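Asks: Quick one: structure below, then a few questions.
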Amino acid sequence: MSWSTRFLTAVAFLAVGVVFAPDVLGSGPESPAGAITAVKLCHLLAFATAWGAALWVTFIGGIIMFKNLPRHQFGNLQSKMFPAYFTVVSVCAAVSVAAFAYLHPWRSASSIDKYQLGFLLSALGFDLSNLIVFTPMTIEMMKKRHKVERDLSIGEEIGWSKNMEVAKTNPQLAAMNKKFGMIHGLSSLANIMAFGSLAMHSWYLAGKIQL
């Protein structure tokens with residue numbers, strides 16, 4: 001299924017949802033203003049996309065790929081995926097921040113709403129730090145380490161065991177592992193902090209839902 005087909009399918013489902021929930025766009029007898037509802041929808045879709053993408057990449061997709069792909073193949077795939085991932089979650093976080101700030105102007109917002117805006121801004125900041133700073137540094141260091149590992153005839157295996165074994169007798173590889181671990185650790189920390197900020201906001205949204 002092509003990208004355009006998937007997009008049109010998603011739009012079709014959204015249109016069907018509007019048909020079966022006429023109050024959403026202001027056609028019902030007690031419906032809110034259409035503009036306010038549209039902003040709420042933008043916030044919800046952007047938040048859900050960022051939350052779902054972060055959940056999958058952090059706890060499911062990345063772990064499965066690492067355990068089943070040769071290490072260099074895994075790294076090359078991640079070097080293509082992470083810039084796209086952090087671009088998507090950064091854009092979604094920015095949309096959520098803008099929509100939430102529009103719905104809850106700072107001067108009239110409650111303390112809880114101000115805290116929630118802070119969580120969304122934190123998620124945006126951590127995602128942007130990964131997109132602009134940590135991810136490019138991690139990819140650059142990964143490529144340098146891959147070159148060293150290819151010279152040592154390692155990297156096509158699954159997992160870290162071969163790398164750790166060779167690093168015990170190769171100071172250059174050990175030093176590169178240390179630098180990569182530090183940069184990758186900062187990237188992972190920023191990603192977890194962004195995910196945690198979204199998790200705090202998900203609790204807030206859950207409290208607004210009436211089931």
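Where a number appears in this text, it was derived from the coordinates with a stated rule and is not lab data. Here the structure is a predicted model, which means the values were calculated and not measured. Reconstructed Cβ throughout: ideal geometry from the backbone, glycine too, with neighbour counts over all protein chains shown.
Asks: Put +1 on the Cβ of each Lys and Arg and -1 on the Cβ of each Asp and Glu in region 33-208; which of 183, 87, 112 then has its Cα farthest toward the positive end of the dipole?
Replies: 183
Asks: Please give the FRET efficiency for residue 55 paired with residue 108, using the beta carbon to beta carbon distance and R0 = 41 Å, rounded to the nearest 0.05.
Replies: For residue 55 and residue 108, the calculated efficiency is 0.80.
Asks: Please tell me the relative contact order of region 81-133 in percent, rounded to the nearest whole number, where contacts are Cα pairs under 8 Å and at least six residues apart.
Replies: Once normalised by length, the contact order is 58 percent.
Asks: State to the nearest 20 debye the size of the charge dipole of region 64-211 about its Cα centre, where the only charges are +1 on K and R beta carbons and -1 on D and E beta carbons.
Replies: 180 debye
Asks: How far, in nm, would the chain grow between residue 101 and residue 68 when pulled straight, counting 0.36 nm per residue and subtracting the alpha carbon separation?
Replies: Fully extending the segment from residue 101 to residue 68 adds 7.6 nm.
Asks: Highest first, please rank the peptides 124-134, 196-206 by the mean number of other Cβ atoms sitting within 10 Å of their residues.
Replies: 124-134, 196-206
Asks: Which order do peptides 112-119, 85-92 fall in by mean Cβ count within 10 Å, highest first?
Replies: Final packing ranking: 85-92, 112-119.
Asks: Which entries in 114/178; 40/67; 80/162; 80/114; 80/178; 114/179 show an alpha-carbon gap greater than 29 Å?
Replies: Result: 114/178; 40/67; 80/114; 114/179 exceed 29 Å.
Asks: Multiply the residue separation of residue 199 and residue 80 by 0.36 nm, subtract the distance between their alpha-carbon atoms, and state the gained length in nm to one decimal.
Replies: Net length gain for the segment: 40.2 nm.
Asks: Does a label point 7 Å from the Cα of residue 157, set along Cα-to-beta-carbon, have any residues of region 66-89 with amide nitrogen under 14 Å, and which are they?
Replies: 70-72
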